[in-house]
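The values are calculated or read from the model by the stated rules, or taken from the named source; none is laboratory data. It should be emphasised that the depicted structure is a prediction, and the values quoted were computed from it without experimental measurement. FYI the Cβ positions are ideal-geometry reconstructions off the backbone, even for glycines, and counts take in every protein chain you see. Only protein heavy atoms, including side chains, enter the accessible area calculation; ligands, DNA and RNA are left aside. Shrake-Rupley method; radii C 1.70, N 1.55, O 1.52, S 1.80 Å.
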Amino acid sequence: MAVPDLELDSLRELDLLHVLELVSRRCVSDYGKEILVNVRPFNQVDALRLELNLVQECLGLLLLNERPPLDHLPDVRHLVRKSQIEGNFLSAPELITVLESMQTSRSVRRFISVKSESSPELHLLCSDLIDDKVLEKHIHDSIDETGSVRDTASRELQTIRRDIHELEARLRHRLQRILKKYGEDELLQEDFITQRDGRFVLPLRAENKRAVDGIIHGVSQTGSTVFFEPAETYEMNNDLSLLHGREQREIIRILTMLTSEVGSVGHHLEATFDILIHLDTLIARAQYALDFGGIKPKIVDEGIIELTNVRHPVLVQNATATQAEVVPLSVLIDANNRGILISGPNAGGKTVAMKTIGLSLIMALSGIFPLGMCTMNMRRIFTAIGDHQSIESNLSTFSSQIIRIRDILAECGEDAVVLIDEVCAGTDPAEGGALAAGVLDSIIERSACFIVTTHQSSLKQYALTHPHVTNASLAFDEEKLQPTFRFQFGVPGNSYAFDLATNVGLPQVVIQRGRNYLDERHDELEQSINAMQRFRSEAEQARATSVEERNTAEKIRKDLEERLETAKARRGAIVEEAREEARELLRNANALIENTIREIREGENSAAEAKRIFEQKRQTFELPSAVKNTTIEDSAPISVGSKVQVSGSGALGEVYAIEGQNAVVDVGGIKFRVNVEKLERIAEETGNKATHGHGKRFDTGLGERPTRGHGEFSVSVVLDLRGKRVDEALQELEKFLDRAIVSGAPFVEIIHGKGTGALRSAVHNYLSQRLEISLFRPGEIHEGGDGITIATIAIQ
């Protein structure tokens, strides 16, 4: 058997020709259908990848409900060849066919040109389509839609046809007069003018044919009427015939000229037709993929075959009509796993599963999308499927298969995939199993791959022990004794012969007697297979549950992330709004402070009066809604450890001690006495936030200085006078105290250093004169000792 015949037989056995016929139904042109049904697998990887890319781009257009304008694809190849023969000319209808083909070409080219970015391969393919507007115009201007040469095709033709019309009018006029005369003489059979052999004649009664001069051009079928040309119209009919001859010669001249133009671009027209037919087949394949869920295969260089959820196209076609469901299958063949041995019961789907694998591969190699995911490298497919026994050739089922396997082994190499149905069946099971193992070893030795089906237990054991062979089976419902057609990769299958025999009603005594002939090893193998199938089923069920739970968790996670992002966005907007409100409030507060200080300096109001006015205006300020987080707790009495806020100021602190009506409050590490009635208890959380924030900087007009501790005031509470003369220091101290009093600070720190003590004495003397200062004291050692004075401002 020749190699091409061997591979062609494999295509037939895998039902590829049936699939090609299904795909070809979606072609527009008959020639496109002819091309598709004769498609064969590619043998060049680059050509195959290009073809698959073209189909994918066509599929992309169909998904967008956009289809190239291929409604009419006339075959013009024979017309092109005719146009290139010297002395020939195309008829007017034939030229119209050429025109239609050119118009289709131009429309398709323009349609694809605007898709160049999304369909680059199609754009490149269609860039060679003919777009000859000049030739289109010449044909269109010379021939009308009915296939007749236009009067305006040439000036000569226009003149001739005008003369013909004028002469015909005069001739008809004369015949009308003759017709009237013959009618009066009762010579006419009927009262009308007609033509015979291109000459105008009148219908006379046969018995009157010799009553007048003229020529008879014909007789009716009944013989009762003769078609008579009166002698008076000889010359006019002769002139008309001459004009018709001139017309015909001019028409031929015009058609010949147009034919010559067609012949000059004949090769381009033929190439265009081939491209359009190719495009027709591409769209048909894309439409087939769209109709049945075909997926573009991935062609790789590595030696791998991976099919995921593939389905048999013929089963899908039938299932679509019957609303049935086709169970998909998945397999993997690579360097470590070179063969798959499928076992299981009769009518369980083994052969269909093997054909599904082979057909999916051969479809991918032929530029047709398989119905499932496919990754593979370039392959040659060989099959031994079906019964090839022949009485004429004296071949049994077994011998015909062995001959087929012999031919396959002679041709297969590392790029081969061999599919054998019921390998080495039809002979002694022990010898057949051993021979089959030898065949499979030979295929592996050639670095080829195989998928075979079998019922033989010895081959199941072979697959279990061979490092490069994997068992597979089709699941079987033991309770219903029905196949489920679910492909199980990695698990061998039982034949269930006794169970099926019981199900069809074979006597139980026969069943039992048969079981007695089975050895223990066979029973152990069958039980092991059952256990493997059960464990596999449980594992798959657990995996499905896990996947479902994971998907649910993932959905919840995504939902929470979306909510979190939404919350962050809302929080950001709220914070930004609060910041803007705070900035506005700060601007207003600074303006109020500056105005109050100005009034004090200019002597308009005393410090106490200025502070009272300041407090009144400060109460009108509205805190930003987003920063109103201080919670006042009136229900609980103030005690040691309470978090409090000093009324009339922004100072937050903690009660250090209670002394009668006064409390010692620690604000940022500075302790001062204040009347308990001036304190407001705040929530623990707010107090913590207040006393554990970071110190801020404020512009006092005396230079930028840090606040002490963590209290939050509108001005600095620290003044450094070191190195200054007494008069200069007292001026700064006065301004500093005015700002602190106006801002509501409960205390201030004045750094004067130790030195001779002169500056310290001047500061103490000044402080004793200020009524706003309720008390002052030297600092503790950790606060700076005698080099610092801490003054408490009385709450007004």
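For the reader, a short list of remarks on this structure follows.
- Within region 166-198, the set of residues being among the charged types (D, E, K, R), under 11 Å from P230 (Cβ atoms) and either in contact with a strand residue (DSSP E or B) (Cβ under 8 Å, 6 or more places away or on another chain) or in contact (Cβ under 8 Å) with a residue 24 or more places away in the chain (or both) comprises just one member, R174.
- Hits in region 740-765 - residues which are outside any strand (DSSP E or B), open to solvent by less than 40 Å² (accessible area, probe 1.4 Å) and closer than 30 Å to N595 by Cα: A740, I741, V742, S743, G744, A745, P746, H752, A762, V763
- Selected residue [modelled with pLDDT of 90 or more, outside any helix (DSSP H, G or I), open to solvent by less than 30 Å² (accessible area, probe 1.4 Å) and over 30 Å from Q401 (Cβ atoms)] from C58, C27: C27
- Any hit, region 420-429, residues being part of a strand (DSSP E or B) and buried (at least 21 other Cβ atoms within 10 Å of the Cβ): yes
- Test: residue in region 234-242 that is in contact with a strand residue (DSSP E or B) (Cβ under 6 Å, 6 or more places away or on another chain) and open to solvent by 10 Å² or more (accessible area, probe 1.4 Å): no
- Any chance L48 is aliphatic (A, V, I, L, M) and open to solvent by less than 30 Å² (accessible area, probe 1.4 Å): yes
- The one condition from (1) crowded, with 24+ Cβ neighbours inside 10 Å; (2) touching a Cys at 6+ places or on another chain (Cβ under 8 Å); (3) of a type outside the set (S, T, N, Q) that V262 does not meet is (2).
- Scoring S83 on the criteria (1) buried (at least 22 other Cβ atoms within 10 Å of the Cβ); (2) at pLDDT below 90 leaves a single failure, condition (2).
- Applying the condition of being surrounded by 15 or more Cβ atoms within 10 Å (Cβ to Cβ) and among the hydrophobic types (A, V, I, L, M, F, W, C) to region 216-233 and asking which residue is farthest from L171 (Cα to Cα) yields V226.
- Considering residues of region 332-355 that are open to solvent by 10 Å² or more (accessible area, probe 1.4 Å) and modelled with pLDDT under 85 only, the residue nearest to A416 (Cα to Cα): G349
Here is a yes/no grid of residues against (1) among the charged types (D, E, K, R); (2) farther than 30 Å from T222 by Cα:
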residue	(1), (2)
L99	no, yes
R109	yes, yes
S118	no, yes
E136	yes, yes
R199	yes, no
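- Within region 134-153, the set of residues being open to solvent by 50 Å² or more (accessible area, probe 1.4 Å) and part of a helix (DSSP H, G or I) comprises V134, K137, H138, H140, D141, D151, T152.
- Identity of the residue in region 438-460, more than 14 Å from S343 (Cβ to Cβ) and without any contact (Cβ under 8 Å) to a residue 60 or more places away in the chain, that ends up most open to solvent (accessible area, probe 1.4 Å): E445
- Residues of region 12-24 classified as in contact with a strand residue (DSSP E or B) (Cβ under 8 Å, 6 or more places away or on another chain) and either modelled with pLDDT of 95 or more or among the aliphatic types (A, V, I, L, M) (or both), total: 1
- The lone criterion from (1) closer than 30 Å to S10 by Cβ; (2) out of contact with any Ser or Thr (no Cβ under 9 Å at 6 or more places or on another chain) left unmet by L62 is number (1).
- Near pairs, Cβ below 7 angstrom, 6+ apart or cross-chain, from region 742-763 (at positive phi and free of Cβ contacts under 8 Å to residues at least 40 places away in the same chain) to any residue that is crowded, with 21+ Cβ neighbours inside 10 Å and not in a strand (DSSP E or B): G753/L759
- For V326, the conditions (1) in a helix (DSSP H, G or I); (2) β-branched (V, I, T); (3) within 27 Å of the chain's Cα centre (by Cα); (4) surrounded by fewer than 23 Cβ atoms within 10 Å (Cβ to Cβ) all hold with the exception of (1).
- Selection count where residues are of a type in the set (A, V, I, L, M, F, W, C) and crowded, with 21+ Cβ neighbours inside 10 Å, scope region 1-19: 4
- Some residue of region 119-133 being over 28 Å from R249 (Cβ atoms), open to solvent by 60 Å² or more (accessible area, probe 1.4 Å) and of a type in the set (G, A, S): no
- The lone exception for E57 - which of (1) under 30 Å from E411 (Cα atoms); (2) touching a residue at least 60 places away in the same chain (Cβ under 8 Å); (3) under 25 Å from the mean Cα position of the chain (by Cα) it fails: (1)
- Residues of region 545-581 that turn out to be of a type in the set (A, V, I, L, M) and at pLDDT below 70, as a count: 2
- The residue that is nearest to T351 (Cα to Cα), counting only those in region 270-319 that are in a strand (DSSP E or B) and in contact with a Gly (Cβ under 7 Å, 6 or more places away or on another chain), is R311.
- Qualifying residue in region 240-250 (condition: under 30 Å from R77 (Cβ atoms) and touching a helix residue (DSSP H, G or I) at 6+ places or on another chain (Cβ under 8 Å)): yes
- Lone unmet requirement of (1) within 22 Å of C374 (Cα to Cα); (2) buried (at least 16 other Cβ atoms within 10 Å of the Cβ); (3) not basic (K, R) for L70: (1)
- Qualifying position, being in contact (Cβ under 8 Å) with a residue 60 or more places away in the chain and not in a helix (DSSP H, G or I), among L79, L73: L73
- Inspection of region 95-115 identifies at least one residue that is outside any helix (DSSP H, G or I), free of Cβ contacts under 8 Å to residues at least 24 places away in the same chain and closer than 24 Å to H278 by Cβ.
- Test: residue in region 364-386 that is charged (D, E, K, R) and at pLDDT 85 or above: yes
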